[in-house]
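Just so you know, all these numbers are worked out from the coordinates, no wet-lab data involved. Note that this is a predicted model, so its numbers are computed, not measured. Positions of Cβ are backbone-derived with ideal geometry, glycine not excepted, and every protein chain shown enters the neighbour counts.
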């Protein structure tokens, strides 16, 4: 029991470190794409950080099982190199008894991934998509530079004397030719960039509006305390976030055809819903695979390289089987049982290899003792 706790602690710590490393690599690639959006739209760093964090649960569905597989393989490698596993096997422990630590870890990670798929992922990805929508439909204030004429949209030129981080600007000048036959010029002492009816706008205060006709003669001129100007092409409609991303929807909604935003997405959403149910089991499957690769038969250091290669190939095959089954279900909804079989069959096979005495290669006491000291 003490040896099991020792292995479990080692595997848990290594799993956390490897998973953090994998997530960090994914985060770096994601950061490049997010920075492009955030910088181009002039969004604050807080929104960039929020988008970076809220997408992490999506990566955990694959990073945690792979990280745990690497961790178990590494810890077992050290145990074999230090002859700890050889001694434990020689003392009469079966393969299933030696696999209690990784199997326990696999069950724990599966439970955590179930919570991630059902609760954390939809909630966090909903926040991610909301912030992404806000950033993409915000005013590209980064384009605006002090005392520089900028064409913010087609037919509209803007000049500001000074801009501030809170969306305020001082000494605003706007030249608007978006309406055919009219040229509108606005000046204001202060302006604030806002959202109005789903579109970017600027709220001007203490200013003047002058409208010119085709002959460039003043046809209207007025002073105002406050005035709102939409910063968008004339034919652009208010942006509305209607379509819900599959990652931010619940499993129940994904499996319900009536909740699909379009009939074209029913099969894809159903496949994603079933995959969301099956994918947490990958943690336990890979734990069983790593354990089987080390503990099946007689533990020997001389066969470690061959065992590791076979185990790695088997793990990649099981992951590919689940992902391929999801793609197949998208095209052929009747293949849903195949998706569940891609997770159940490898798990049962690995557990059988660890359980049945005929597969464990139980050695007589003399041979076990010889293996321990070899």
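Starting from the Cα of residue 94, step 7 Å toward the Cβ, then list every residue of the stretch 320-357 with an amide N under 16 Å from that point. From the stretch 320-357, the list is 349-357. Model label points for residue 25 and residue 114, set 7 angstrom from Cα along the Cα-to-Cβ axis, are 3.0 nm apart.
Residue order for 296, 265, fewest other beta carbons within 10 angstrom first, comes to 265, 296. Of the peptides 3-14, 21-32, 305-316, 271-282, the ranking by mean beta-carbon count within 10 Å, highest at the top, reads 271-282, 3-14, 305-316, 21-32. Here the peptides 50-56, 206-212 are ranked by packing, the mean other Cβ count within 10 Å, and the order with the highest first is 50-56, 206-212. Taking packing as the residue-averaged number of other Cβ atoms within 10 angstrom, the listed peptides 92-102, 334-344, 63-73 run from highest to lowest as 63-73, 92-102, 334-344.
Approximating the spin labels as points 7 Å out from Cα along Cα→Cβ, the residue 264-to-residue 149 distance works out to 4.3 nm. Using the Cβ-Cβ distance between residue 330 and residue 77 with R0 set to 41 Å, the FRET efficiency works out to roughly 0.60.
Net length available on complete extension from residue 303 to residue 162 is 43.7 nm, with 0.36 nm assigned per residue and the Cα-Cα distance removed.
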